[in-house]
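These notes are about the structure you will find just below.
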Amino acid sequence: MAELSTRPLTPGDLGAVAELFNLAAKAGGGYDGVTAEELESLFGSIIADPATDTRLLYEPGGMLVAAAMVPAAPPGGFRVDLFGAVHPDRHGRGIGRELMAWSLRHAAALRAAHAPGAEWVAEASIFIDDLPTARLFRRFGFTPVRYWFEMLAPAVRRDVEPYPDGLRTVAYGPEWETALHEAHMEAFDDHWGYQKRDLESWAGFTTRSAGFRPDLSRLVLDGETIAAYLLSYVDADPERVYIGQVGTRRPWRRRGIAGRLLVEVLSAAAAAGLRSAALSVDADSPTGAVGVYERAGFAVESRSVAYQRPVD
């Protein structure tokens, strides 16, 4: 480790860090869809101070070999999401141990600064076949707590069944941002591990992010009330769109709305010249989301697992 140099992440590093994350994901048998736009949205919203909350490690020749980002839990929250990766060709050299030790120390410092009396957990996710990182997590006291499916569907034009009860869809526009934030906070309130965020923080990595695709995002309206929504983003594959959030508020659930939304957006993606759409879903979703996605044409491409341990 002595020969490696360390510095914080800057906006000019986002492309290289996205490439590093994708190399690590692919080596772990997973989905390599991280984009610079996605990292920019995190960098500009939930990373409060890049100078202290991020770390890049370089070899003497200038090769980026590891990266980590550690945002604080949101006000009233309980979880620190650890983002990090080590170049697959540099495994076994202690770099991951150094990076994880730093990440956990920083998470503890953030808790001491923001919520000293709160009980926080640190969470990190990997693809199911990433055995070296799984061993690293266990070494640091992490245990697996939740499993996820990464799913893929072809973008094809299909007829969309009429929405029930006079509901209608519109493409997202900025005039809906505040109402959409409220709808999302309500729709995801019963989802595992969800943490509420204020409008500015939430919009920074959704509707105001550089990778947001308003043309492939839809709102389902009951009158002028948002009943459901689907938000899309650019993907590392230019012929694929990433569906980041799909939500239906409780009074409108069990009516087939989400399935219609998915078919509508897959059709719109095909019309836009895209070949496929990807998304990630909780394998134990209480809303039955996995079945909804399968009926819309999605199939599991890879699996990931979230690990947690206390921040102490």
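The values are calculated or read from the model by the stated rules, or taken from the named source; none is laboratory data. Everything numeric here is computed off the predicted structure, so don't read it as measured data. Methodologically, a virtual Cβ is constructed for each residue, glycine included, from the backbone with ideal geometry; neighbour enumeration extends over all protein chains shown.
List of remarks:
- Residue list for the stretch 212-243, restricted to those being β-branched (Val, Ile, Thr) and either over 19 Å from Ala187 (Cβ atoms) or under 20 Å from the mean Cα position of the chain (by Cα) (or both): Val234, Val241, Ile243
- The residues of the stretch 32-44 that are among the hydroxyl-bearing types (Ser, Thr, Tyr) and either under 16 Å from Thr207 (Cβ atoms) or over 12 Å from the mean Cα position of the chain (by Cα) (or both) amount to a single one, Ser41.
- The residue that is nearest to Phe212 (Cα to Cα), counting only those in the stretch 41-75 that are acidic (Asp, Glu) and surrounded by fewer than 19 Cβ atoms within 10 Å (Cβ to Cβ), is Asp49.
- Condition met for Gly256 (assigned by TED's automatic domain parsing to the domain that holds Ala183, in contact (Cβ under 8 Å) with a residue 40 or more places away in the chain and within 28 Å of Ala306 (Cβ to Cβ)): no
- Residue count for the stretch 210-236, restricted to those that are farther than 19 Å from Pro251 by Cβ, touching a Gly at 6+ places or on another chain (Cβ under 8 Å) and surrounded by 17 or more Cβ atoms within 10 Å (Cβ to Cβ): 6
- Of the residues screened, Ala203 is not one that is more than 23 Å from Arg260 (Cβ to Cβ), outside the structural domain of Gly76 (by TED's automatic domain parsing) and modelled with pLDDT under 95.
- Residues of the stretch 16-36 that are assigned to a loop (DSSP other than H, G, I, E, B) and buried (at least 20 other Cβ atoms within 10 Å of the Cβ): Gly28, Gly30, Tyr31, Gly33, Val34, Thr35.
- Out of Asp89, Asp81, one residue alone is surrounded by fewer than 17 Cβ atoms within 10 Å (Cβ to Cβ) and within 18 Å of Phe127 (Cα to Cα). It is Asp89.
- One residue stands out among those in the stretch 262-312 that are buried (at least 17 other Cβ atoms within 10 Å of the Cβ) and acidic (Asp, Glu): the one that is nearest to the chain's Cα centre (by Cα), which is Asp282.
- Here is the figure for the stretch 234-289: residues that are β-branched (Val, Ile, Thr) and in contact with a Pro (Cβ under 8 Å, 6 or more places away or on another chain) total 1.
- Checking Gly76, Gly92, Gly44, Gly84 one by one, the residue that is in the same structural domain as Lys26 (by TED's automatic domain parsing), touching a helix residue (DSSP H, G or I) at 6+ places or on another chain (Cβ under 7 Å) and modelled with pLDDT under 95 is Gly44 and no other.
Conditions (1) in a loop (DSSP other than H, G, I, E, B); (2) within 30 Å of Leu20 (Cβ to Cβ), marked per residue:
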{"position": "Ser232", "(1), (2)": "no, yes"}
{"position": "Pro238", "(1), (2)": "yes, yes"}
{"position": "Gln245", "(1), (2)": "no, yes"}
{"position": "Pro251", "(1), (2)": "no, no"}
{"position": "Val263", "(1), (2)": "no, no"}
{"position": "Leu274", "(1), (2)": "yes, yes"}
{"position": "Gly297", "(1), (2)": "yes, no"}
{"position": "Ser304", "(1), (2)": "no, yes"}
{"position": "Arg309", "(1), (2)": "no, yes"}
